[in-house]
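Below is one structure; the comments refer to it alone.
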Amino acid sequence: MQGRQMWRSVLAGLLLIQGAWLAAPVRAAPFMVQSGQPRAEIVVSDNPARMTKWAARELQEYVKKISGAELPIVVEPTGRAARIYVGVSEHTRRLGLEVSDLKDGAYRMASGDNWLALLGPDGDYVPTEPWGRNRSRPEQQRILAEWDRITGDLFNSPFLTHFRHYYPDPEFWDTVGDRGTGPGHPSPTEHAGVWSFDEAGTLNAVQAFLHELGVRWYAPGEIGEVVPQRTDIALPQVDRVVRPDFPLRFFQYGYAQHGMGDVGVWNLRLGFNPGGRIVGHVQLCHGLKFVLMRPEMREAHPEIYALMRGERHEVAPCLSSETLFEKHVAYVRAMFDHYNEPMVNIDLPDGFGPGCECERCLPQRTPERGRDGLVSDLVFAYLDRVAREVYKSHPDRMVGALAYSSYRLPPLKIDQLSPNLALTWSRAAKRRTMYQDRDEVADYLRLRDEWLAKLPSKCLIMWESYLNAEPKGRALPAVFPRAIAEDIRGLKGLSVGDTVEVYQHQSFSNHRPHDHGYDYDAFALNHLNLYVTARCWWDAELDIDALLEEYYRLYYGPAREEMRAFIEYGEKHWAELRRDADRIGRVLELVEAAQAAVDADTVYGRRVARVADYVRPLVALREQLTRVPREETLPRLRALEVKPLAGKTLDGRLDDAQYWPALRTLPLRDLRRGRSPEPELRTWVRIFRAGNNTLYFGIYCADPDIGNLQYGTEGNGAARLLDGDFVEILFETTSHSYYRMRINPAGIVEEADLGDGVEERRWRSGADVATHIGEDFWSVEVRLPLGGDDLRAEEPLAGVSGRMPSATYPWYVNLGRQRVRGEEVRRFGFVLMGTEEFEVPEKFVALWSK
């Protein structure tokens with residue numbers, strides 16, 4: 001069944017199933033529910049929008065959760081019950097209730113004699129062809145072929161994966177009439193059938209009404225909701241229109257959760273709005289990549305790509321290229337003309353960095369402005385030119401730019417940007433997470449004013465990052481609700497709204513999961529940041545203290561005071577915990593106190609337990625910090641992520657550009673002389689990570705006397721490795737201090753676990769090791785698998801106990817080389833130890849990866 005006829009049949013079924021309560025006359029009374037019995041019916045249009053259907057079901061479901069009474073959904077009022085009009089219909093029009101002047105999720109709540117109306121603009125988004133239904137190669141080829149025909153060029157399509165914004169409906173509304181609406185009915189979570197771009201004014205009105213009844217959705221899923229219990233629900237006396245303070249209200253998850261699920265439902269209940277009317281329906285940043293990313297374009301027009309280190313980049317542009325400018329303008333106009341987009345992002349692809357090094361681009365750099373302003377004038381001169389050219393043909397449309405990376409600062413050579421240019425500002429360190437630093441806040445406010453002064457459109461969008469729950473930063477109690485409230489309050493009237501990048505465990509099957517990321521709840525604490533943000537988007541002037549007081553009471557119950565102390569301590573000190581064992585100890589004490597204050601089997605106990613599990617790695621970090629005092633002035637090493645060739649066999653050579661790319665080389669110094677060795681004895685190290693459980697070390701040892709390498713023993717045995725040439729890797733992991741590996745030029749390996757004050761030589765790392773001897777050097781490759789933080793407790797003599805180092809949970813390492821010629825023994829190390837020994841743990845340097 002389809003359309004209006006289907007909807008009438010569905011509702012007829014609902015009335016038959018639920019009709020018993022109407023058998024006896026019901027006197028008109030100002031109640032929806034009285035003594036646990038239904039006294040109202042939900043009235044909808046005979047052909048409601050998708051979000052209207054959802055809103056009606058949401059109201060029905062939560063009234064039942066509150067009171068036990070299930071209100072029927074009808075198209076025509078029976079006249080024997082109070083009426084709750086959900087969404088626009090002929091009935092609301094007869095009442096004179098208009099929503100035509102509302103937009104961006106705004107809604108109206110009104111009441112009268114025995115009726116309540118909850119309504120707002122609801123619209124079913126219909127994408128323009130061509131758009132991708134799936135990731136299959138034939139489907140993507142179809143889209144590109146059609147897009148090529150439309151544009152006459154080789155642009156990529158931003159609509160290739162548009163299906164990600166649709167949450168399919170497995171015939172929920174077609175079958176609900178047969179299944180009924182009693183226990184066991186399919187939930188909206190399982191049967192969404194909506195686009196994220198569907199207008200949802202009515203749903204926002206329903207959520208607001210349920211909020212007034214005491215319902216709260218503090219976190220995704222059932223564990224995050226608070227539902228009061230009552231047997232009576234009165235019809236309110238109300239007449240108001242509610243408009244959000246910010247039209248753009250969007251959470252973008254670091255690992256996309258495509259499909260509805262608990263998080264998608266939670267977003268809708270928080271009143272989010274991806275802003276299709278304002279910013280369009282495709283990616284809000286890095287839009288120029290769609291001109292540049294196809295191999296066919298690179299082959300046809302190599303001159304439009306940036307010159308970096310003497311070669312043309314794969315996707316970074318040369319902003320001095322006239323051909324690039326012409327193609328970029330043509331692409332934007334095609335997006336406007338064919339897809340009728342209100343805004344098209346024209347920003348540079350990610351990874352532009354210092355920019356093109358050609359003879360026209362290079363002189364436009366401004367290194368005196370630091371990294372944040374290195375190419376601001378170059379980039380915005382180009383973006384402004386594109387915007388002005390597009391403005392000639394489409395003065396009623398907007399183009400979007402991004403202040404980001406090496407062009408985060410305002411340009412100095414442009415007084416006023418094009419009137420059709422909107423700016424998304426990625427603030428880096430000056431974001432809400434760093435609001436404890438008032439100097440940073442002052443600097444941010446100054447830069448904000450400078451940008452607004454150059455922006456005639458006054459269309460400013462903030463790009464925020466709430467990524468603290470990523471595996472690399474897990475356990476830090478990074479909550480900052482007051483900073484969020486302060487910043488959003490200050491942005492009211494200045495900003496269109498936010499896109500907030502949020503970490504969420506990846507669960508979409510097209511992506512490869514992170515091996516170390518799924519044993520904890522990424523929303524255990526971060527839900528509070530998101531909840532506060534969403535509430536402030538609607539009311540920037542809200543009382544944050546009252547909101548938090550209610551949160552502690554409703555969400556944590558008997559543990560409210562203990563969790564208040566924990567969250568307030570985290571809000572003040574979370575950024576300092578990476579290096580402060582005492583403060584970590586205090587955090588753990590506060591969590592233990594909260595657990596002691598609540599019954600573990602209650603919902604409050606489960607909520608506290610999620611937090612306790614989330615901060616559990618702080619125990620190992622505290623132990624690491626207290627084992628050895630660290631010198632904060634020492635350098636930090638970073639292991640970049642590289643995708644190695646599949647099935648590559650180690651051979652000790654470091655000249656494979658694909659396998660050992662041009663990563664930064666880390667030089668070793670002469671420990672006795674305190675400086676770099678002579679060039680013919682230079683020694684360097686490269687480190688990279690592959691995935692989440694493997695580190696690679698490459699060590700290069702120059703030697704002009706390669707024919708006289710000393711192996712330590714005649715038989716190349718490991719027993720006397722210290723007597724000859726070798727390299728040494730010392731590493732303290734996230735959970736153990738510490739391990740040692742020695743490798744000589746013949747590939748003989750000596751390993752030891754030096755933890756607990758004992759040199760345990762039976763330990764084996766499980767590493768793959770290969771060496772290579774060249775004409776004037778020898779080199780080593782090491783592939784080191786990681787076994788996780790708990791491995792040593794299970795297998796004390798096998799494998800590396802620890803997980804991938806991160807900025808929050810680094811390893812501490814040293815790397816050394818010994819060279820022996822006759823009586824002369826020379827040692828080279830990464831850090832000057834004040835001695836010729838390698839094993840000085842307090843001098844080990846931090847190793848981290850992103």
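Summary table
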{"item": "Residue among ALA565, ALA600 that is open to solvent by 50 Å² or more (accessible area, probe 1.4 Å), out of contact with any Ser or Thr (no Cβ under 9 Å at 6 or more places or on another chain) and modelled with pLDDT of 95 or more", "result": "ALA600"}
{"item": "Qualifying residue in the range 66-88 (condition: without any contact (Cβ under 8 Å) to a residue 60 or more places away in the chain, charged (D, E, K, R), outside any loop (DSSP other than H, G, I, E, B) and open to solvent by less than 10 Å² (accessible area, probe 1.4 Å))", "result": "no"}
{"item": "Filtered residues of the range 230-244 (kept if outside any strand (DSSP E or B), of a type in the set (Val, Ile, Thr) and farther than 24 Å from SER100 by Cα)", "result": "THR231"}
{"item": "Residue check, ARG249 in contact (Cβ under 8 Å) with a residue 12 or more places away in the chain and open to solvent by 30 Å² or more (accessible area, probe 1.4 Å)", "result": "no"}
{"item": "Condition broken by LEU292, with the remaining ones in (1) under 28 Å from GLU61 (Cα atoms); (2) surrounded by 22 or more Cβ atoms within 10 Å (Cβ to Cβ) satisfied", "result": "(1)"}
{"item": "The range 815-850: number of residues that are assigned to a strand (DSSP E or B), open to solvent by less than 20 Å² (accessible area, probe 1.4 Å) and of a type in the set (A, V, I, L, M)", "result": "5"}
{"item": "Answer residue from the range 300-338, given it is hydroxyl-bearing (Ser, Thr, Tyr) and assigned to a helix (DSSP H, G or I) and is least open to solvent (accessible area, probe 1.4 Å) among those", "result": "TYR331"}
{"item": "Within the range 666-721, considering residues that are open to solvent by 20 Å² or more (accessible area, probe 1.4 Å) and part of a strand (DSSP E or B), the one modelled with the highest pLDDT", "result": "TYR700"}
{"item": "Matching residues, the range 343-352, being surrounded by 17 or more Cβ atoms within 10 Å (Cβ to Cβ) and not in a strand (DSSP E or B)", "result": "ILE346, ASP347, LEU348, PRO349, PHE352"}
{"item": "Residue list for the range 108-165, restricted to those being closer than 30 Å to GLU296 by Cα and of a type in the set (A, V, I, L, M)", "result": "ILE143, LEU144, ALA145, ILE150, LEU154, LEU160"}
{"item": "Set GLY105, GLY96: member being open to solvent by less than 50 Å² (accessible area, probe 1.4 Å), of a type outside the set (S, T, N, Q) and under 21 Å from LEU213 (Cβ atoms)", "result": "GLY105"}
{"item": "Pair list, Cβ < 8 Å and 6+ apart or interchain, from the range 116-131 residues that are charged (D, E, K, R) to residues that are buried (at least 21 other Cβ atoms within 10 Å of the Cβ) and part of a loop (DSSP other than H, G, I, E, B)", "result": "ASP122/PRO48; ASP122/ALA49; ASP122/GLY87; ASP122/VAL88; ASP122/ASP198; ASP124/ALA49; ASP124/ASP198"}
{"item": "Residue that is most open to solvent (accessible area, probe 1.4 Å) [pool: residues in the range 353-363 that are out of contact with any strand residue (DSSP E or B) (no Cβ under 6 Å at 6 or more places or on another chain) and in a loop (DSSP other than H, G, I, E, B)]", "result": "GLU359"}
{"item": "Flag if LEU447 is under 14 Å from LEU409 (Cβ atoms), part of a helix (DSSP H, G or I) and of a type outside the set (Lys, Arg)", "result": "yes"}
{"item": "Residue that is at pLDDT 90 or above and surrounded by 22 or more Cβ atoms within 10 Å (Cβ to Cβ), where the choices are SER779, SER801", "result": "SER779"}
{"item": "Hits in the range 405-434 - residues which are modelled with pLDDT of 90 or more and open to solvent by 40 Å² or more (accessible area, probe 1.4 Å)", "result": "LEU412, LYS413, ASP415, GLN416, PRO419"}
{"item": "The range 365-377 - residue that is outside any loop (DSSP other than H, G, I, E, B) and without any contact (Cβ under 8 Å) to a residue 24 or more places away in the chain and, of those, surrounded by the fewest Cβ atoms within 10 Å (Cβ to Cβ)", "result": "GLU368"}
{"item": "Flag if SER806 is free of Cβ contacts under 8 Å to residues at least 40 places away in the same chain, among the hydroxyl-bearing types (Ser, Thr, Tyr) and within 30 Å of GLU470 (Cβ to Cβ)", "result": "no"}
{"item": "Filtered residue count, the range 112-134, keeping only those that are out of contact with any helix residue (DSSP H, G or I) (no Cβ under 8 Å at 6 or more places or on another chain), open to solvent by 30 Å² or more (accessible area, probe 1.4 Å) and assigned to a loop (DSSP other than H, G, I, E, B)", "result": "2"}
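For every residue, the table says whether it meets (1) of a type in the set (A, V, I, L, M); (2) closer than 18 Å to TYR435 by Cα; (3) free of Cβ contacts under 8 Å to residues at least 60 places away in the same chain.
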position	(1), (2), (3)
ALA524	yes, no, no
LEU554	yes, no, no
MET563	yes, no, yes
GLU568	no, yes, yes
TRP574	no, yes, no
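The values are calculated or read from the model by the stated rules, or taken from the named source; none is laboratory data. Model, not experiment: these values are computed from the prediction. Methodologically, a virtual Cβ is constructed for each residue, glycine included, from the backbone with ideal geometry; neighbour enumeration extends over all protein chains shown. Heads up: the accessible areas ignore ligands, DNA and RNA and are worked out on the full protein's heavy atoms, side chains in. Shrake-Rupley method; radii C 1.70, N 1.55, O 1.52, S 1.80 Å.
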